[in-house]
Structures are given as C-alpha cells and as structure tokens.
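Trainee: Below you will find the structure I want to go over with you.
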Amino acid sequence: MLGVFLAWDLVRRDRRLRRGKRRIEEAWEEVERAFSSWVQALEDFTGTLRRKGYVPVARGELEELLREIRSARGPKGLEEALDRVQDVLHRLYAALPRKGLTEVREAQNELARCAEELDLVRRRYNELVRVWNALILSFPNTLIAGRRGYKPRELFGSRFDSDYHDTFPLRI
C-alpha cells in the first residue's frame, strides 16, 4: 500500500512540474510578444521624433539602442535593454518642448501603454519563476527535476522596479 501511495505521489509531482514548466514557457512567450509590441511602439515614437525634428542627440542614442535591442535574448538581455532605453527616455523627455506636441504625445502614450503591458506580463512571469525555482529545489521534486533536466529560471527584473525582490505566492 505504501508503494502505491509513493508511486501516486511521484506521478502527481511529475505532473505538477510539467504543468509548471509549460506555464513558465507560455508566460515567457507572452513577455516576448509584449516586448515586441513595446519595441514597435518605441520605433514609432522615434520615427515621430525624427519627423518633427525633436531632440536629435537623444533620438540618435535611441535609434542606436533599437538596433541593439533587436538582438537581445533571455531575461538578462531584455532587462539590460530596458534599463538602457529607460535612461535615454528620461533624458529625452526632459529635453522635449512643452507645447505643440500632439503627435509626439500620442506616440508617447502608446509607448507607455506597451510598457505597462510589458510590466504586467513580466510580473506574472516573475511570479511563476519564483514558484518554479522553489518547487524544483524542494525534495523530492529535485529528483524528478534532475531526471527531466529542469533547471532554475532567471527572473526578468529591472532596476526601476519597486517589487524586484518581492515574492508573491502563486500556485503552479
């Protein structure tokens, strides 16, 4: 009877790990889609600035960063790209004139909307990663995770996040 219970428990744990892995992969795909939307909004914003002739120095930095961003992969690469762009955007916003910017404001609002969407899916991904990492490092899940080749995942944070080190309980 004990053997049956142990076998059932291992099967249950294996299913939970497989479900968790699938959810993390789906969450990462959402992050990549949101990141692509954000990059597109950033390109549109940069194009608007170019057409209007505003802030040529910061705009040039932003265009250079856009070329680098397209090759960014993984949580660490995307995080670094976001941080660099945030620095340039802060300088750029400070240099923009205050009047007559209707088209620029619309592009800026779209960029902010995409950034907010990216932030939401990033937080969801990070919640899942925290739970996943705790799950695969607990016994006896370590045995199953090791056999299946599951590894801890990297958080996708940002130095601008207030909740970067917070943990949120989320069940996989």
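Values quoted throughout were computed directly from the atomic coordinates according to the rules given, and no laboratory measurement underlies them. Predicted model, so just to flag it, every value in this text is computed and none were measured. FYI the Cβ positions are ideal-geometry reconstructions off the backbone, even for glycines, and counts take in every protein chain you see.
Trainee: Please quote Rg/Rh for the chain to two decimal places, taking the Kirkwood radius as Rh and restricting both calculations to Cα atoms.
Mentor: With Rh from the inverse mean 1/r over Cα pairs, Rg/Rh is 1.15.
Trainee: Once you have a ≥ b ≥ c as the square roots of the Cα gyration tensor eigenvalues for the range 1-49, tell me rounded if a/c is under 1.5, and otherwise prolate or oblate according to whether a/b is larger than b/c.
Mentor: The shape class here is prolate.
Trainee: Suppose R0 equals 35 Å. What FRET efficiency, 1/(1 + (r/R0)^6) with r the Cβ-Cβ distance, do T142 and S37 give to the nearest 0.05?
Mentor: 0.40
Trainee: Turning to a different aspect of this structure: Go ahead and run the numbers for FRET between R70 and K151, Cβ-Cβ distance against an R0 of 35 Å, rounding to 0.05.
Mentor: 0.85
Trainee: With +1 assigned to the C-beta of every Lys and Arg and -1 to the C-beta of every Asp and Glu, and no other charges, what is the dipole magnitude of the chain about the Cα centre in debye, to the nearest 20?
Mentor: That gives a dipole near 700 debye.
Trainee: Next up: Could you check the simple spin-label distance between H90 and V57, using points 7 Å along Cα→Cβ, in nm with one decimal?
Mentor: 1.7 nm
Trainee: Also, I was wondering about something else. Could you list which residues have their amide H under 5 Å from that of R153, counting only those 5 or more apart in sequence or on another chain, with H placed in the peptide plane?
Mentor: Answer set, sorted by chain and number: N133.
Trainee: Turning to a different aspect of this structure: So what is the calculated 222 nm ellipticity per residue for the chain, using -39500 (n - 2.57) for each DSSP H run with n of 4 or more, over all residues, to the nearest 500 deg cm²/dmol?
Mentor: -27000 deg cm²/dmol
Trainee: Using a Gaussian network model on the chain with a 10 Å cutoff between Cα atoms, which of E103, E127, E32 fluctuates the most?
Mentor: Among E103, E127, E32, the largest mean-square fluctuation in the Gaussian network model of the chain belongs to E103.
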